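K.L.:
Sharing a structure below in structure tokens format, with a few things to ask.
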Amino acid sequence: MYTHFGLFVVVLGICLAAFAAEYDIARGEPGVPGEAGSDDVTTEIVHRMLFPKAYEDVSVAQAHQMWEDETFFLDVRTAAEIDAGYIPGAYNIDSTELGVRLDEIADLQNQDIVVYCKAGGRSAPAAQLLSDKGFTAVHNMLGGFDAWQAAGYEVSGADQPGVLTPSCAATITAVSRSGSPPAYGNPALFLAVLLSLAVKRRKRQVA
């Protein structure tokens, strides 16, 4: 009897923890495990057990192909994690703020979006939230940034992903993948980079 009761308490605790994480994301409040990959994996497993999935899981290889096709990538990690590297062209909204910052990506409701975090634990509930809010083509990258790095795919350095409006997402992607330094925080520098790219393309056409 006591064994069954103990098991019930453990399961109940896991359920409550998962519900709290989901609730925090929806409200845009802290509470989702952050920097430890093991916490990410645990959260993802529990989330899959408790909440019906309304998004598509994609492997890191599939995600990379979508990246090459210039699909919009949403990085839901913290600023501290991003300082250590990120996928070029990604747009950053911390998972704990996603619920109150959806207006920043509202124009993308009917476009493909790949969501990723460190190891998958935060991107899964974030992808679910987007789906629940009417985003129709949400993809969760399994394994997160860790898997992307392990596969040897492109990574940018210590500069944070762009903070421009989603309507500029395609331009952000083109600039950040060109090898030029990110210029999102400085409009003048951003325009200068675009002009430089245009000149380079023109020279290649003439040659």
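The values are calculated or read from the model by the stated rules, or taken from the named source; none is laboratory data. Keep in mind that what you see is a predicted model, and the values were worked out from it rather than measured. Note: ideal-geometry Cβ built from the backbone for every residue, glycine included; neighbour counts use all protein chains shown.
K.L.:
Between a first residue in the stretch 129-145 that is touching a residue at least 24 places away in the same chain (Cβ under 8 Å) and a second residue that is part of a loop (DSSP other than H, G, I, E, B) and hydroxyl-bearing (Ser, Thr, Tyr), which pairs have beta carbons less than 7 Å apart while being 6 or more apart in sequence or on different chains?
P.N.:
131/55; 138/55; 139/55; 140/55; 142/59
K.L.:
Ok, one more. Give me a count of the residues in the stretch 34-62 that are surrounded by fewer than 16 Cβ atoms within 10 Å (Cβ to Cβ), outside any strand (DSSP E or B), at pLDDT 75 or above and not aliphatic (A, V, I, L, M).
P.N.:
Summing the residues that are surrounded by fewer than 16 Cβ atoms within 10 Å (Cβ to Cβ), outside any strand (DSSP E or B), at pLDDT 75 or above and not aliphatic (A, V, I, L, M) in the stretch 34-62 gives 2.
K.L.:
All but one of (1) touching a Lys or Arg at 6+ places or on another chain (Cβ under 8 Å); (2) within 10 Å of residue 76 (Cβ to Cβ) hold for residue 128; which doesn't?
P.N.:
(2)
K.L.:
Still on this structure: Enumerate the pairs (first residue in the stretch 62-90 and of a type in the set (A, V, I, L, M); second residue anywhere and part of a loop (DSSP other than H, G, I, E, B)) with beta-carbon separation below 6 Å, excluding pairs fewer than 6 apart on the same chain, so at least 6 apart or on different chains.
P.N.:
76/117; 76/122; 82/160; 90/161
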